[in-house]
Amino acid sequence: MKIASWNVNSLNVRLPQLQDWLRDFAPDVVGLQETKLEDHRFPDAALAELGYRSVFHGQKTYNGVAILARERALDDVQVAIPGFDDVQARAIAATVNDVRIVNLYVVNGQDIGTEKYAYKLRWLDAVHGWLADELRKHPKLVVLGDFNIAPDDRDVHDPATWNDDHILTSTAERAALKRLLDLGLHDGFRLHHDGAGIFSWWDYRQAAFRRNLGLRIDLTLVSDALKDDAVDAGIDRTPRTWERASDHAPAFVTLRG
DNA sequence: ATGGTTGATTTTCAA
């Protein structure tokens with residue numbers, strides 16, 4: 001089962017690319033972020049033509065998440081973080097076969113010391129409580145999404161700039177991510193790749209993609225119970241090369257069976 | 001320090 005995460009940065013703009021990518025890459029499950037669509041505008045019929053069922057949680061202009069599954073049901077759908085008052089559509093979960101999928105669009109946080117940064121840390125704290133509960137109910141758990149945190153220095157093109165005092169790499173953000181991993185989750189990518197310089201996001205500015213000035217902030221985490229089943233993981237750079245691309249490339253993990 | 005680019009709605013905001 002190939003499970004992927006892609007921040008599409010507007011599904012309205014990116015739908016043709018998503019359709020092409022679903023045909024080419026043929027993931028079994030996909031978490032999308034930044035759909036930027038109200039639910040009544042979600043293109044579920046167009047995706048159904050390719051064999052994908054969809055569940056989604058969106059809003060106008062910003063944010064928005066969805067989970068797609070090919071030829072499989074999406075059960076026990078949870079929209080938003082339980083018990084956390086949030087006007088932003090950033091989280092959705094569903095069960096596919098016997099695997100629980102949690103899809104997150106983690107708050108960006110703008111800059112350290114801002115209100116948005118404080119919201120990011122509060123939001124991640126709420127996610128921690130939610131995932132602890134999900135793990136109790138569903139030992140086979142995959143948590144994927146745009147985490148807006150680069151786990152360590154191998155995941156940034158310039159560690160001198162992307163340091164302890166910088167957004168997406170700050171001490172508090174990395175500590176919050178580590179706290180999630182300490183629940184019993186593993187970065188699928190790092191189960192199969194040790195090296196530096198493989199990224200999932202490149203700024204639109206300064207020809208960052210051409211120069212590979214990126215970060216790896218899109219993650220696919222697998223629980224202890226799934227660790228030995230995660231036979232492959234990576235990032236599909238292809239959609240980032242297309243005309244009018246999203247600034248993110250899809251990250252994926254493949255589970256045996 | 002600033003700015004560079006893209007997307008959705010504007011006369012900026014968010015990333």
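The values are calculated or read from the model by the stated rules, or taken from the named source; none is laboratory data. Everything numeric here is computed off the predicted structure, so don't read it as measured data. Heads up, the Cβs are rebuilt from the backbone with ideal geometry, glycines too, and the neighbour counts pull from every protein chain shown.
Descriptive notes on the structure:
- Hits in segment A:201-257 (condition: more than 16 Å from DNA strand B (Cβ to nearest atom) and of a type in the set (Gly, Ala, Ser)): A:223, A:225, A:230, A:233, A:234, A:257
- Sole exception among (1) small (Gly, Ala, Ser); (2) touching a residue at least 24 places away in the same chain (Cβ under 8 Å); (3) more than 16 Å from DNA strand B (Cβ to nearest atom) for residue A:170, by number: (3)
- If you go through segment A:177-190 and keep only what is free of Cβ contacts under 8 Å to residues at least 60 places away in the same chain and within 18 Å of residue A:250 (Cβ to Cβ), you end up with A:187, A:190.
- Look at segment A:125-142: where a residue is without any contact (Cβ under 8 Å) to a residue 60 or more places away in the chain and farther than 17 Å from residue A:230 by Cβ and a partner is among the charged types (D, E, K, R) and not in a loop (DSSP other than H, G, I, E, B), sitting 6+ places away or on another chain with Cβ atoms under 9 Å, you get A:125/A:179; A:128/A:179; A:134/A:100; A:137/A:100.
- Filter pass, residue A:101 being of a type in the set (A, V, I, L, M, F, W, C), modelled with pLDDT of 95 or more and touching a Ser or Thr at 6+ places or on another chain (Cβ under 9 Å): yes
- Exactly one residue out of A:55, A:29 is in contact (Cβ under 8 Å) with a residue 40 or more places away in the chain, of a type in the set (A, V, I, L, M) and surrounded by 16 or more Cβ atoms within 10 Å (Cβ to Cβ): that is A:29.
- Complete set of residues in segment A:177-224 that are among the hydroxyl-bearing types (Ser, Thr, Tyr) and within 23 Å of residue A:160 (Cβ to Cβ): A:200, A:204
- Here residue A:106 fulfils each of the conditions (1) surrounded by fewer than 22 Cβ atoms within 10 Å (Cβ to Cβ); (2) under 15 Å from the mean Cα position of the chain (by Cα) apart from (1).
- Residue in segment A:70-88 that is crowded, with 17+ Cβ neighbours inside 10 Å, on the phi > 0 side of the Ramachandran plot and small (Gly, Ala, Ser) present: yes
- Any hit, segment A:98-107, residues being in a loop (DSSP other than H, G, I, E, B) and more than 16 Å from DNA strand B (Cβ to nearest atom): yes
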